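Quick notes on the structure that follows.
Bear in mind that the values in this text are calculations on the coordinates, not laboratory data. All figures in this text were calculated on a predicted structure; none of them were measured in a lab. Every residue, glycine as well, gets a Cβ built from its backbone with ideal geometry; the counts of neighbours run over all protein chains shown.
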């Protein structure tokens, strides 16, 4: 029975399905979720993870997927690189989804605009990013933590931090919805620095975290 942190194997369709389901459940309004399950299962958590452009850790509690964290050491261009390598495959993946839900065209255009903005940003080569992070509510209550001694969010964060330390990454960036008070308090407790509110249209906050050596 799986228990604890498991790096996502992009060739394990069950694990990929767990990552996609956690993402859509915990972050339903994110652009990745809005592009649909096929996008997540066949491209985002398969091709991007397989290419090493995105890392993803799953946390299992007694065999049940309880949380996940996706992150990258290529914050400026991970998606652009993936699209460049697999654009024809992705078009085939997305064709059916766009036909069934035409609103996804707008989401895709928004992602393209975001990619252009990212590529213009002056990001340090020693900077990484936490892309998507969440733990199901029943596994982050004080009752659960008291009974099990497990703080899943912290364990996932610390595991990702060790990865970035090995990769000589010195700073992390994080984008959080401004109304997500629980997550903002979590990052504040970790010592993250609130830079400035960004993206007035989607109400997000940019944070940075300096990784100790």
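For the ranges 128-141, 38-51, what's the packing order if you count other beta-carbon atoms within 10 Å of each residue, average per peptide, and put the highest first?
Result, highest mean first: 38-51, 128-141.
Efficiency by 1/(1 + (r/R0)^6): what FRET value for residue 2 and residue 180, r their Cβ-Cβ distance, R0 = 35 Å, to the nearest 0.05?
For residue 2 and residue 180, the calculated efficiency is 0.80.
Based on the Kirkwood radius over alpha-carbon pairs, what is the Stokes-Einstein translational diffusion coefficient of the range 136-213 at 4 °C with 1.567 mPa s viscosity, in µm²/s?
Stokes-Einstein gives a translational diffusion coefficient of 93 µm²/s.
Label points 7 Å out from Cα along the Cβ direction at residue 14 and residue 64: separation in nm?
1.7 nm
Of the peptides 82-92, 169-179, how do they stack up when ordered by the mean number of other Cβ atoms within 10 Å, highest first?
Highest to lowest by the protection proxy: 169-179, 82-92.
Between residue 193 and residue 167, what is the spin-label point distance in nm, taking each point 7 Å from the Cα along the Cα→C-beta axis?
In this crude label model, residue 193 to residue 167 measures out at 2.1 nm.
Can you give the relative contact order of the range 1-68 as a percent, counting alpha carbon pairs under 8 Å and 6+ residues apart?
47 percent
So, by mean Cβ neighbours within 10 angstrom, what's the order for 8-17, 66-75 with the highest one leading?
Averaged packing, sorted descending, gives the order 66-75, 8-17.
Extension gain residue 89-residue 25, at 0.36 nm per residue separation less the Cα-Cα distance, in nm?
Here the answer is 20.5 nm.
Mind checking the full-extension length gain between residue 146 and residue 206? Use 0.36 nm per residue of separation minus the Cα-Cα distance, one decimal, nm.
18.5 nm
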